[in-house]
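Colleague: I'd like to ask some things about the structure below.
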């Protein structure tokens, strides 16, 4: 059930460690004492319904949000004291981030290169995400899939050790989604750790080495997708409908072709 | 990776991006360049002619006489000929013309001509000018061959620098251009960067908040200075805007522009902080810019305003920018001579930035 890759991970090497993370807002508690580790070079999925606290957790690790209490280290740096060090080694794709208006992709790349303090060739970065043909286009003029790939390109500028992707495939058609999976797998192959949130369980099953289920600010399960499925079956779960060897998405891909189209 | 992070590089990258963005934004270009330019063109072509009084010549009036000849040579008088009596009466009632004159030969030899003049109550001020012009003219015509019995006026004019309309209008328009680009531009940019999460994405990079503000500020100042130079150059070469010390005067004006713009950007930061939605930015910005546009001596000298209005005018920062600009450009004074105006702008700046720090929102 894992056709894409099978990389061994160093289980002892946690690159992110979260301990007893709590985040209170004025009237409610978004995160209630989360603890988990993300291992070096794995793809780690945070799953759960909307409002479960996934994005809040991510943003606290990304140093974009203050935590109420708890300990977080990212590659040995504490979010409390070394926020700027952390920012330099991570890449962040936000759920709905916008980009500076009126600039084309190359100019945006130049801007981010300046913000990260790195020297890069914008065209090379765009080639990495297959957007070289759109170099002179404005971000607004891109399709959903292209926007996400551009977003990911901006997270790779500083050759980060970890990238965070918050619902990168939401709203994309099946082809664009698969295209993005390939990109994410490619990024991991180059040694980058990936932390991703998604609402698509097939995606998590395909991509993630381990997933954590978050519900009402707490982790209710954390394991490899395989183990979690086995555990469910061991509890006597049965699907109400006999599963066929293909599903409707397979039909969709089969009928409309695999290659991804722009637009 | 171990290289220290370069904040200057980040600031300049932001400034460059912002400058490119402003140059491609139609509203910024319209407000900073087109809008002031239109006013400068309008007032430039109206020229420095001063007051003109329209005086109609009644149909049937004698045209070949010294009175009409003298009137034709009077700069203040614009003779309106070839109008019917009905048209003239109508325009008199509306006050479009200040009076009508009918000259005819006298039936007796002395005086040779009689001139009937009708004024209108609809244009009293111009009527009075007309009256004194006519009196003056008749006096000189009648006394041409006489020796004065009491006293004779010996007139002469000191030749000073010509103060044209453009010398008043251009600094005002420049000030207004700085005001609108400072307030509207800054407010819109920071509001929309915040709203579209552009700033949030910036925060995921090691950039400092001060670099974001500074980068944006640099871009806006660069753009506004470009606009200022453009306006001054057009004014100087097409409408003879007076620049007493040439380039030095321009540089002084640019220094004033930067001071003014920084103050006005403070208003922009405040607006971006208190605006609840994009559509509330224009009304709030207008509350700040319109009174200054009207009351800060952009079009008229505030000395002509009613006495009760003048203290309000004298409270506004644009008043002092306009005032300083005019003194620097036309009177050629140095920046030290307008230190009072600069001081008041700086005080405004301190006040508005203190407020901006309180209300400005990053997310």
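Colleague: Take chain A, connect every pair of alpha-carbon atoms lying under 10 Å apart with a spring to form a Gaussian network, then pick out the residue of A:175, A:93, A:146 with the largest mean-square fluctuation.
Modeller: Of A:175, A:93, A:146, the Gaussian network model singles out A:175 as fluctuating most.
Colleague: While we're on this one: Would chain B count as rounded, prolate or oblate if I go by the C-alpha gyration tensor, calling it rounded below 1.5 in a/c and otherwise prolate when a/b exceeds b/c, oblate otherwise? Please list the in-between numbers first.
Modeller: Values: a/c = 3.32, a/b = 2.67, b/c = 1.24.
Cα axes put chain B in the prolate bin.
Colleague: Could you calculate the FRET efficiency of residue A:35 with residue B:347 from 1/(1 + (r/R0)^6), where r is the beta carbon distance between them and R0 is 41 Å, rounded to 0.05?
Modeller: Working: r = 54 Å, r/R0 = 1.32.
According to the calculation, E is roughly 0.15.
Colleague: Then there is this: For chain B, set up a Gaussian network in which alpha carbons nearer than 10 Å are linked by springs, and say which option among B:54, B:82, B:337 fluctuates the most.
Modeller: Looking only at B:54, B:82, B:337, the biggest GNM fluctuation is shown by B:82.
Colleague: I would also like to ask the following. Using DSSP, restrict attention to beta bridges with both residues in chain A and report what percent are antiparallel, rounded to the nearest 5.
Modeller: Working: 21 of 39 bridges.
If I count the DSSP bridges inside chain A, around 55 percent turn out antiparallel.
Colleague: Find the centroid of the Cα atoms in the range B:188-254 and in the range A:7-83, then give the distance between the two in whole Å.
Modeller: The range B:188-254 and the range A:7-83 have Cα centres spaced 41 Å from each other.
Colleague: How far apart, in nm, are two points set 7 Å out from the Cα along the Cα-to-Cβ line at residue B:274 and at residue B:23?
Modeller: For residue B:274 paired with residue B:23, the spin-label model returns 3.5 nm.
Colleague: How much length is gained if the chain between residue B:287 and residue B:254 is pulled fully straight, taking 0.36 nm per residue apart and subtracting their Cα-Cα distance, in nm to one decimal? Show your work: numbers first, answer last.
Modeller: On the way: separation 33, 0.36 × 33 = 11.88 nm, distance 2.62 nm.
Between residue B:287 and residue B:254, full extension yields an extra 9.3 nm.
Colleague: Per 0.36 nm of contour for each residue apart, how much would the distance between residue B:196 and residue B:142 grow if the chain were fully extended, relative to their Cα-Cα spacing? If you can, show how the numbers build up before the last one.
Modeller: Working: separation 54, 0.36 × 54 = 19.44 nm, distance 7.95 nm.
Gain in length upon complete extension: 11.5 nm.
Colleague: Using the eigenvalues of the Cα gyration tensor, what equivalent ellipsoid semi-axes result for the range A:144-251 when each is taken as the square root of five times the eigenvalue, whole Å, largest first? Write down the numbers at each step before the final one.
Modeller: Working: eigenvalues 150, 69, 30 Å².
Ellipsoid semi-axes (Å, largest first): 27, 19, 12.
Colleague: May I ask you to derive the FRET efficiency for residue A:202 and residue A:96 from their Cβ-Cβ distance with R0 = 22 Å, giving the value to the nearest 0.05?
Modeller: Numbers: r = 23 Å, r/R0 = 1.05.
Between residue A:202 and residue A:96 the formula returns 0.45.
Colleague: Percentage of Cα-Cα pair distances in the range B:53-158 greater than 23 Å, rounded to whole percent? Walk me through the numbers before you get to the answer.
Modeller: Numbers: 1777 of 5565 pairs.
That fraction is 32 percent.
Colleague: Something else: If you line up the long axis of helix B:165-180 against the longest principal axis of chain B, both from Cα atoms, how many degrees apart are they, to the nearest 10?
Modeller: Here the helix axis deviates by roughly 20 degrees.
Colleague: Which of the three applies to the range B:224-363, rounded, prolate or oblate, going by the alpha-carbon gyration tensor with a ≥ b ≥ c and a/c under 1.5 meaning rounded? Could the numbers behind the result be given before it?
Modeller: Details: a/c = 1.83, a/b = 1.56, b/c = 1.17.
Note, shape of the range B:224-363 comes out prolate.
Colleague: What distance in nm separates the simple spin-label points at residue B:104 and residue A:66, each placed 7 Å from Cα in the Cβ direction?
Modeller: 9.4 nm
Colleague: Please compute the contact order of chain A in relative form: average sequence separation of alpha-carbon pairs under 8 Å and at least six residues apart, divided by the residue count, as a percent. Can you show the working numbers first?
Modeller: Numbers: 423 pairs, mean separation 64.9, N = 263.
Computed value for chain A: 25 percent relative contact order.
Colleague: Now, a different point. For the pair residue B:76 and residue A:143, what calculated FRET efficiency results from E = 1/(1 + (r/R0)^6), where r is the Cβ-Cβ distance and R0 = 60 Å, to the nearest 0.05? Numbers along the way, then the final one.
Modeller: Details: r = 69 Å, r/R0 = 1.15.
Efficiency at R0 = 60 Å is approximately 0.30.
Colleague: Could you give the angle, 0 to 90 degrees to the nearest 10, between helix B:35-46's Cα long axis and the longest principal axis of the Cα atoms of chain B?
Modeller: 20 degrees
Colleague: If you don't mind, there's one more thing I want to ask. For the range A:14-256, what size does the Cα cloud have along each of its three principal axes, sorted from largest down, in whole Å?
Modeller: For the range A:14-256, the Cα spread along each principal axis is 56, 52, 35 Å.
Colleague: Ratio of the range A:1-135's C-alpha Rg to 2.2 N^0.38 Å, to two decimals?
Modeller: Details: Rg = 17.6 Å, N = 135, 2.2 N^0.38 = 14.2 Å.
Against the compact-globule rule of thumb, the ratio is 1.24.
Colleague: Continuing with this model, one more query. On a 0 to 90 degree scale, rounded to 10, what angle separates helix B:85-94 from the longest Cα axis of chain B?
Modeller: With both axes taken from Cα atoms, the answer is about 40 degrees.
Colleague: So, one more: Take chain B, connect every pair of alpha-carbon atoms lying under 10 Å apart with a spring to form a Gaussian network, then pick out the residue of B:222, B:268, B:60 with the largest mean-square fluctuation.
Modeller: Judging by the Gaussian network model, the answer is B:60.
Colleague: Right, something else. Put a dot 7 Å past each Cα toward the Cβ at residue A:216 and residue A:135; how far apart are the dots in nm?
Modeller: 5.4 nm
Colleague: Based on alpha-carbon positions alone, could you give the equivalent ellipsoid semi-axes of the protein assembly as shown from the gyration tensor, as √(5λ), descending, whole Å?
Modeller: Numbers: eigenvalues 1163, 132, 85 Å².
Value: 76, 26, 21 Å, ordered largest first.
Colleague: How much space per residue, in cubic angstrom, does the convex hull of the C-alpha atoms of the range A:98-204 take up?
Modeller: Value for the range A:98-204: 98 Å³ per residue.
Colleague: Can you give me the C-alpha center-to-center distance between the range A:106-173 and the range A:195-263, rounded to a whole angstrom?
Modeller: Centre-to-centre distance over Cα atoms comes out at 27 Å.
Colleague: May I ask what percent, to the nearest 5, of DSSP beta bridges between residues of the protein assembly as shown are antiparallel?
Modeller: Working: 28 of 53 bridges.
DSSP beta bridges in the protein assembly as shown are roughly 55 percent antiparallel.
Colleague: Another question about this same structure. What is the antiparallel percent of DSSP beta bridges lying wholly in chain B, to the nearest 5?
Modeller: Values: 7 of 14 bridges.
Given both bridge residues lie in chain B, the antiparallel proportion sits at roughly 50 percent.
Values in this text are rule-based calculations from the coordinates and carry no lab data. Small disclaimer: the values here were computed from a predicted structure and weren't measured. No Cβ is skipped: glycine too gets one built from the backbone with ideal geometry, and neighbour counts run over all protein chains shown.
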